[in-house]
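A.B. asks: Sharing a structure here in structure tokens format.
The values are calculated or read from the model by the stated rules, or taken from the named source; none is laboratory data. All figures in this text were calculated on a predicted structure; none of them were measured in a lab. Positions of Cβ are generated from backbone atoms using ideal geometry, with glycine treated the same way; all protein chains shown enter the neighbour counts. Each accessible area value is taken on the protein alone, full model and side chains, heavy atoms only, with ligands, DNA and RNA left out. Shrake-Rupley method; radii C 1.70, N 1.55, O 1.52, S 1.80 Å.
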Amino acid sequence: MKKDKEFFRGALIGALAMFCVIAGGNALWKWASMAGFLPESLSATSEVENKLYLLEQMVDKYYLYHDEIDKDTQAEGIYTGYMAGLMDPYTTYYTEEQTEELMQGISGEFTGIGATMTQDLENKTTKITDIEKGSPAEEAGLQAGDLVVQVDDHKIVDESLDEIVKWVRGKEGTEVTLHIVRGEEELSFTMTRRVIQQNTVEYEMKDGQVGYIYVKEFDEVTASQFETALNELEAQEMNGLVIDIRDNPGGNLDTVVEMLRQILPEGVIVTTKDRDGTAEEYTCDGAHEFTKPLAVLVNGSSASASEVFAAAVKDYGIGTIVGETTFGKGVVQDVIGLRDGSSVKITTAEYFPPSGESINKKGVKPDVEIEFEQDPNDPEADNQLEKALEIVRQ
């Protein structure tokens with residue numbers, strides 16, 4: 001229709017005028033200055049505008065289901081495609097609804113089923129790595145290790161983990177069905193979404209008075225939960241500590257820095273550098289240095305903030321890194337919001353541990369390498385954890 005002719009021509013340009021910044025990973029929003037930016041963008045994108053206009057002409061003239069076109073959905077497709085064109089798996093466009101879900105995840109409280117998932121970027125397999133106790137996922141019978149192949153009517157092909165998580169999460173009280181592969185079986189589980197108070201830290205005292213802390217991910221609530229765990233174990237007079245960050249996909253940089261300040265000596269924790277070479281150092285005053293025997297468990301799914309944690313412990317030599325080489329995600333993303341409530345998560349910097357050596361696409365190599373071995377006679381057996389406990393006890 002003629003009244004829609006200017007739709008595509010203005011879609012990208014309209015988005016450029018809506019930027020704001022989410023500061024510090026929380027809900028503090030600040031408008032960014034656009035001075036001197038828009039005119040240059042208009043010129044640079046003129047070819048794109050013209051092509052979009054021609055595509056719209058073709059759709060208007062030939063598309064069979066023209067009366068069913070949703071212009072808002074088309075616009076979202078443009079924004080999604082623009083960011084996807086960067087070919088960066090960590091840079092993503094979020095709709096308003098997706099942004100709300102993203103911020104829920106950062107806060108540690110969300111509406112969903114209580115299952116943590118990771119994704120292998122090479123073959124795009126999506127695996128459940130953890131089930132929240134008392135969650136809909138646990139009640140339904142989902143298990144860690146299940147491969148997710150479909151969510152409701154959405155078959156997983158090459159979608160990002162963020163997109164799959166969006167399918168799983170939703171409004172409180174609504175249902176979602178996960179289709180999974182478990183060994184040779186194909187199963188489906190239908191669950192009712194509800195508000196999940198994320199418990200990101202679990203802890204207990206092991207034999208020999210060795211404390212054990214398992215950190216699932218680094219959300220805003222994690223630092224205080226980690227401090228509580230440390231204090232409780234100290235009150236029980238632990239002789240040493242194992243911190244388990246296996247299968248931890250990462251999270252908030254400020255959170256992991258705050259946690260490391262509870263165990264590191266004085267010095268630099270991590271340094272970030274942006275594309276202009278501008279560096280920002282995060283430091284520790286050493287007031288709470290952990291001096292007892294310490295081991296940190298990692299594997300190939302320990303990523304991002306987990307690698308900041310492991311690398312700092314390793315570089316300062318305050319603990320032994322045990323397990324398998326970590327994922328190798330050494331870049332930082334900022335969440336940048338738009339005035340309509342949508343946002344983009346965009347790679348803005350690379351981070352460097354105290355050693356100054358980049359771990360991006362390399363990972364953190366453990367001091368003691370040991371692969372996980374499944375014991376068919378004892379599903380609870382954990383040879384990596386036993387090795388870490390042995391090192392701390394010695």
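A.B. asks: Using beta carbons and a limit of 8 Å, which pairs, at least six apart or on different chains, have the first residue in region 183-204 and free of Cβ contacts under 8 Å to residues at least 60 places away in the same chain and the second one part of a loop (DSSP other than H, G, I, E, B) and open to solvent by 30 Å² or more (accessible area, probe 1.4 Å)?
C.D. replies: Note: pairs meeting the criteria are T192/G173; T192/T174.
Residues are listed down the side, and each one gets a yes or a no for (1) of a type in the set (A, V, I, L, M, F, W, C); (2) within 18 Å of V313 (Cβ to Cβ):
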residue: G183; (1), (2): no, no
residue: M191; (1), (2): yes, no
residue: I196; (1), (2): yes, no
residue: V201; (1), (2): yes, yes
residue: V210; (1), (2): yes, yes
residue: T222; (1), (2): no, yes
residue: G250; (1), (2): no, yes
residue: L260; (1), (2): yes, yes
residue: V268; (1), (2): yes, yes
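A.B. asks: For residues that are in contact (Cβ under 8 Å) with a residue 40 or more places away in the chain and out of contact with any helix residue (DSSP H, G or I) (no Cβ under 7 Å at 6 or more places or on another chain), tally how many sit in region 62-75.
C.D. replies: 1
A.B. asks: Taking strands (runs of 3 or more DSSP E) that do not extend beyond region 245-333, which have at least 1 residues that are of a type in the set (A, V, I, L, M, F, W, C) and closer than 12 Å to G363 by Cα?
C.D. replies: 294-298
A.B. asks: Can I ask one more? Please work out if L241 is out of contact with any Pro (no Cβ under 6 Å at 6 or more places or on another chain), touching a residue at least 40 places away in the same chain (Cβ under 8 Å) and assigned to a strand (DSSP E or B).
C.D. replies: yes
A.B. asks: Run down Q57, Q104 and say which single residue is in a helix (DSSP H, G or I), over 18 Å from G250 (Cβ atoms) and open to solvent by less than 80 Å² (accessible area, probe 1.4 Å).
C.D. replies: One residue alone meets the criteria, Q57.
A.B. asks: Could you grab me the full set of residues in region 165-183 that are assigned to a loop (DSSP other than H, G, I, E, B), more than 16 Å from the chain's Cα centre (by Cα) and under 15 Å from G114 (Cα atoms)?
C.D. replies: Within region 165-183, G170, K171, E172, G173, T174 meet the criteria.
A.B. asks: I'm checking my understanding of the structure. Among residues of region 334-386 that are β-branched (V, I, T) and not in a strand (DSSP E or B), which one is most open to solvent (accessible area, probe 1.4 Å)?
C.D. replies: Only one residue tops the list, namely I370.
A.B. asks: Please list, ordered by first then second residue, the pairs with beta carbon atoms under 7 Å, 6 or more apart or interchain, first in region 369-389 and without any contact (Cβ under 8 Å) to a residue 60 or more places away in the chain, second open to solvent by 100 Å² or more (accessible area, probe 1.4 Å).
C.D. replies: Correct list of pairs: N383/E373.
A.B. asks: Considering only region 247-287, state which residues are open to solvent by 50 Å² or more (accessible area, probe 1.4 Å) and among the aliphatic types (A, V, I, L, M).
C.D. replies: Scanning region 247-287 gives A279, A287.
A.B. asks: Filter region 184-208 for residues that are open to solvent by 70 Å² or more (accessible area, probe 1.4 Å) and not in a strand (DSSP E or B) and give the result.
C.D. replies: Of everything in region 184-208, those that are open to solvent by 70 Å² or more (accessible area, probe 1.4 Å) and not in a strand (DSSP E or B) turn out to be E184, D207.
A.B. asks: Against the definition (part of a strand (DSSP E or B) and open to solvent by 30 Å² or more (accessible area, probe 1.4 Å)), how does Q143 come out, yes or no?
C.D. replies: For Q143, the condition - part of a strand (DSSP E or B) and open to solvent by 30 Å² or more (accessible area, probe 1.4 Å) - is not met.
A.B. asks: Go through I113, I131 for me and flag whichever is surrounded by 20 or more Cβ atoms within 10 Å (Cβ to Cβ) and free of Cβ contacts under 8 Å to residues at least 24 places away in the same chain.
C.D. replies: I131
A.B. asks: Here is a list: D315, D340, D285. Which entry is of a type outside the set (S, T, N, Q) and closer than 25 Å to K216 by Cβ?
C.D. replies: Unique residue meeting the criteria: D315.
A.B. asks: Pick out the one residue from T125, T95, T91 that is under 23 Å from V176 (Cα atoms), open to solvent by less than 50 Å² (accessible area, probe 1.4 Å), at pLDDT 85 or above and not hydrophobic (A, V, I, L, M, F, W, C).
C.D. replies: One residue alone meets the criteria, T95.
A.B. asks: Among the residues of region 149-164, are any in contact with a Gly (Cβ under 7 Å, 6 or more places away or on another chain), assigned to a strand (DSSP E or B) and open to solvent by less than 20 Å² (accessible area, probe 1.4 Å)?
C.D. replies: No - not one qualifying residue is present in region 149-164.
A.B. asks: Related question: For M259, work out the one condition from (1) over 24 Å from E369 (Cα atoms); (2) touching a residue at least 60 places away in the same chain (Cβ under 8 Å); (3) of a type outside the set (S, T, Y) it doesn't fulfil.
C.D. replies: So M259 meets the others, but not (2).
A.B. asks: Right, next: For V322, state whether it is more than 18 Å from the chain's Cα centre (by Cα) and modelled with pLDDT of 95 or more.
C.D. replies: yes
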